[in-house]
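To start, the structure itself, in structure tokens.
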Amino acid sequence: MRHNPDYLLDDDTRIRALIAGNPWATLVSAGSGGLTGSHLPVLLEDGPELSLVGHLGRPDDDLHELGEHEVLLIVEGPNGYISPGWYGTGPAVPTWNYLAVHLYGRPEVLGPEETYRVLMDTVDRFERVRPEPYRIEHGYGRAIAPGVTGFRLRPERVVAKAKLSQDKSPDVVRNVIHALEHDPFYANPALAREMETR
């Protein structure tokens, strides 16, 4: 990501909230076979140091050469098109507002028991809001666990951005937020909330 101090997101609490609220991530690696990308759910681990766990179906772990070199894990938050017609001033150009976190590091490949736990925790994370949460039966969970590889990423470097019209006047920001709440084509309430928070 291009460095721009205006959009830098360096608040650990906000970074963790962004990851927790947007757990669908993209894992990118450059191994001996070239670039590889995979999409997967990730979970934040509790603790003072930033740490995430996830799992890949086999043979994606081999394609990534998981654990052998640095990877990039990308988490995207709310994002959306911003029309210059919303500004109320001109001239202007369209843009895209977004939040994103890039996490760099060498993942730790987990053993069978921890991988099994990651699978169960992932299902529980998404099922717990349902009135009758689905639970994977332990026998079935253990039977499918060998088909995946769990990993832990304790990033060595974190680059996070929140590009939310910080370069615009307060009036323009209010106009953009209003449009994101009400536009018939590009309404994006989640992005509007992030702009209000910022």
Distance in nm between label sites at H178 and V123, each 7 Å beyond Cα in the beta-carbon direction? 5.0 nm
Rounded to the nearest 0.05, FRET efficiency between E68 and W24 (Cβ-Cβ, R0 25 Å) equals 0.50
Within region 75-137, DSSP-loop trypsin sites (Lys or Arg not before Pro) with at most 15 other C-beta atoms within 10 Å are R128, R135
What does the convex hull of the Cα atoms come to per residue for the chain, in Å³? 152 Å³
How many nm separate the modelled label positions at R157 and A17, each set 7 Å beyond the Cα in the direction of the Cβ? 2.7 nm
Report the paramagnetic label zone for S51: residues of region 106-150 whose backbone N is under 20 Å from a point 7 Å from Cα along the Cα-to-Cβ axis. 106-125, 149-150
Based on Cβ point charges of +1 for Lys and Arg and -1 for Asp and Glu, what charge dipole magnitude is obtained for the chain about its Cα centre, in debye rounded to the nearest 20? 380 debye
Please work out how much length the chain gains when fully extended from R142 to Q166, using 0.36 nm per residue of separation minus the C-alpha to C-alpha distance, in nm with one decimal. 3.8 nm
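Where a number appears in this text, it was derived from the coordinates with a stated rule and is not lab data. Bear in mind the structure is a predicted one, so any value in this text is a computation, not a measurement. No Cβ is skipped: glycine too gets one built from the backbone with ideal geometry, and neighbour counts run over all protein chains shown.
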